[in-house]
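Peer 1: Structure provided below as structure tokens; questions to follow.
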Ligand code: UDP
């Protein structure tokens, strides 16, 4: 079982797509382990996007990520990090496959609906960045979709 971080970006909140996007992860069979709305600060954004700090669009991304609050979620399941990245699709919404979240809802590189952790190492760091231990919950789902570990 893995846990991964998803951020519903300001473009998602502004466009009224919160329910639609959460529903995609839910219907896939991932289990929600934590969720909250927060306003991202420049400090946390500089840390979160540190791998892009030399890029010309660094400040632009930080500005776009703080125009309104975001929703941070932790999704859990077998191979959850890979599964969520697959559901999100390619970074550039114009290249993302139809059927993926970005492919269905984004025409932009920057305003691409969600952030999703890209590896187990990043997921662990990112979940610690956005959640305290007591904000993530272990519980059993009746349908056990997220726990198909043996197939
Ligand atoms: N981004 C951008 N222009 C680019 C590349 C990335 O505005 O040329 C933004 C975009 O919002 C992306 C985020 O920076 O989601 C982080 O980029 P990364 O390469 O980590 O892509 P991701 O993992 O989000 O697909």
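Yes/no per residue for (1) under 22 Å from residue 18 (Cβ atoms); (2) touching a helix residue (DSSP H, G or I) at 6+ places or on another chain (Cβ under 9 Å); (3) at pLDDT below 95; (4) more than 11 Å from the ligand (Cβ to nearest atom):
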position	(1), (2), (3), (4)
55	no, yes, no, no
71	yes, yes, no, yes
76	yes, yes, no, yes
143	no, no, yes, yes
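Peer 1: Go over the candidates 81, 61 one by one and state the one that is within 15 Å of the ligand (Cβ to nearest atom) and in contact with a helix residue (DSSP H, G or I) (Cβ under 6 Å, 6 or more places away or on another chain).
Peer 2: Residue meeting the stated conditions: 81.
Peer 1: From the residues in the range 12-26 that are closer than 18 Å to residue 86 by Cβ and touching a residue at least 60 places away in the same chain (Cβ under 8 Å), which one is nearest to the ligand (Cβ to nearest atom)?
Peer 2: 21
Peer 1: Take the range 85-130 and flag every residue that is under 19 Å from residue 23 (Cβ atoms), in a helix (DSSP H, G or I), touching a helix residue (DSSP H, G or I) at 6+ places or on another chain (Cβ under 7 Å) and more than 9 Å from the ligand (Cβ to nearest atom).
Peer 2: 87, 101
Peer 1: Collect the residues in the range 37-70 that are touching a residue at least 60 places away in the same chain (Cβ under 8 Å) and closer than 23 Å to residue 89 by Cα, keeping them in residue-number order.
Peer 2: 48, 70, listed by residue number.
Peer 1: Kindly establish whether residue 9 is touching a helix residue (DSSP H, G or I) at 6+ places or on another chain (Cβ under 7 Å), surrounded by 15 or more Cβ atoms within 10 Å (Cβ to Cβ), modelled with pLDDT of 95 or more and within 17 Å of residue 85 (Cβ to Cβ).
Peer 2: Taking the combined requirement at face value, the residue does not satisfy it.
Peer 1: Does the range 138-147 include one or more residues that are in a helix (DSSP H, G or I) and surrounded by fewer than 16 Cβ atoms within 10 Å (Cβ to Cβ)?
Peer 2: yes
Peer 1: For residue 29, state whether it is within 23 Å of residue 107 (Cα to Cα), away from the ligand (no atom under 16 Å from the Cβ) and surrounded by fewer than 20 Cβ atoms within 10 Å (Cβ to Cβ).
Peer 2: Judged against the criteria, residue 29 is not a match.
The values are calculated or read from the model by the stated rules, or taken from the named source; none is laboratory data. Since the structure is predicted, the reported quantities are computational estimates derived from the model, not experimental observations. As a convention, Cβ positions derive from the backbone with ideal geometry for all residues, glycine included, and neighbour counts pool all protein chains shown.
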